[in-house]
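Bear in mind that the values in this text are calculations on the coordinates, not laboratory data. If you're wondering where the values come from, they're calculated on a predicted model, not measured in any experiment. Don't worry about glycine lacking a Cβ; one is built from the backbone with ideal geometry, like all the others, and counts go over all protein chains shown.
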Amino acid sequence: MKKYTLLEKCLGYQFTNKNLIIEALTHKSFKKAYNNERLEFLGDAVLNLIVGEFLYNKFPDSNEGDLSKIRASLVNEKGFTKLANAIDLGDYIYLSEAEDRNNGRTKASILSDAFEAIMGAIYLEAGLLTLKPIILDLLAKNYDNINLDELFSDYKTALQEITQARFGEIPVYKLESATGPDHLKVFELSLWIGDKCYTTATGKSKKLAQQAAAKTVLKQLQGEK
């Protein structure tokens, strides 16, 4: 398990009260007198507020229903797991040996709960003004476009289903380059089906580049019907 100081560096925030980050990283299976469930509760509420305000300002013409749908697609187990994986949060969680052996570090429920707890802990110690840019930075790095069309589309899965049915193969994504400083890295990937390269695409992460490439090829193949 990695030392939590590396997590602090990744987040750009150093805890004054180290007991707070330890509590936030402690799963109930670890059998201590404390665990991260209370901080998880707090983090969930604060994340809803920060993301809600962000969406309110980003989409001034959207109605309450659309804003609620977008927020719900971000503020949930899947969304928090995505952000947790982006900071390798699973490497830092305190788990029982049994839970660790049971792949607890990759479980969505454990990762998302720990993410909420960490954010709750930062809020508790430093307040909203400190936590807000941390959250918004994570969103910016892990979502190319935050809107209804993009959030509700998984182009990789849709493309894989088509290529399996049509070609009996699944797409292969190859990293072509990674340029720029760590905080502004741009990844370029090529998408191959069999021995044919269909497209290249870029993104702020490998996953985003893959989705962009899959979206392009999906449109190509659907147009060939």
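Note down the relative contact order for region 155-223 as a percent, whole number, built from C-alpha pairs under 8 angstrom at least six residues apart.
Normalised by residue count, the contact order of region 155-223 is 28 percent.
If packing is taken as the average number of other Cβ atoms within 10 Å across a peptide's residues, how do 55-68, 178-191 rank, most packed first? Intermediate values should be presented prior to the final figure.
Working: 55-68: 11.6, 178-191: 13.6.
Put in order of decreasing packing, that is 178-191, 55-68.
How tilted is helix 77-86 with respect to the longest principal axis of the chain? Cα atoms for both, answer in degrees (0 to 90, nearest 10).
90
Using +1 at the Cβ of each Lys and Arg and -1 at the Cβ of each Asp and Glu in region 1-103, identify which of Ile22, Ile50, Gly65 lies farthest towards the dipole's positive end.
Among Ile22, Ile50, Gly65, the one farthest towards the positive end of the dipole of region 1-103 is Ile22.
What angle do you read, to the nearest 10 degrees and between 0 and 90, between the alpha-carbon axis of helix 64-74 and the longest principal axis of the chain?
That works out to roughly 80 degrees.
Considering only DSSP beta bridges where both residues belong to the chain, give the percentage that are antiparallel (nearest 5).
Values: 14 of 15 bridges.
The answer is about 95 percent antiparallel.
Tyr94's amide H: which non-local residues (gap 5+, or another chain) put their own amide H closer than 5 Å, with H modeled 1.01 Å from N in plane and none for Pro or chain starts?
Excluding prolines and chain starts, which carry no amide H, the hits are Thr26, His27.
Per residue, what volume in Å³ does the convex hull of the Cα atoms of region 4-144 enclose?
Dividing the Cα hull volume of region 4-144 by its residues yields 98 Å³.
With +1 on the Cβ of every Lys and Arg and -1 on the Cβ of every Asp and Glu, and nothing else charged, how large is the dipole of region 58-168 about its Cα centre, in debye rounded to the nearest 20? Show your work: numbers first, answer last.
Numbers: 12 positive and 18 negative charges, 38 e Å.
Computed about the Cα centre, the dipole is about 180 debye.
Using Cα positions and a limit of under 21 Å, work out the lysines in reach of Lys9, with same-chain residues fewer than 8 apart set aside.
Once the sequence-local lysines are set aside, what remains near Lys9 is Lys18, Lys82, Lys132, Lys141, Lys185, Lys204.
Step through the residues of region 207-221 one at a time and calculate ³J(HN,Hα) from phi using the Karplus curve (6.51 cos²θ - 1.76 cosθ + 1.60, θ = phi - 60°), rounding each to whole Hz and writing x for Gly and Pro.
Along region 207-221, the couplings run 5, 5, 5, 4, 4, 5, 5, 4, 4, 5, 5, 4, 5, 4, 5 Hz.
Which of Pro133, Ala117, Pro181 sits farthest toward the positive end of the charge dipole of region 82-212, with +1 on the Cβ of Lys and Arg and -1 on the Cβ of Asp and Glu?
Among Pro133, Ala117, Pro181, the one farthest towards the positive end of the dipole of region 82-212 is Pro181.
Calculate for the chain the 222 nm mean residue ellipticity that helices alone would give, adding -39,500 (n - 2.57) per DSSP H run of length 4 or more and normalising by residue count, nearest 500 deg cm²/dmol. Numbers along the way, then the final one.
Values: 11 runs with 132 residues, N = 225.
Counting only the DSSP helices, I get -18000 deg cm²/dmol.
Determine the dipole magnitude for the chain: charges of +1 sit on the beta-carbon of Lys and Arg, -1 on that of Asp and Glu, nothing else is charged, the reference point is the Cα centre, and the result goes in debye to the nearest 20.
With Lys and Arg at +1 and Asp and Glu at -1, about 420 debye.
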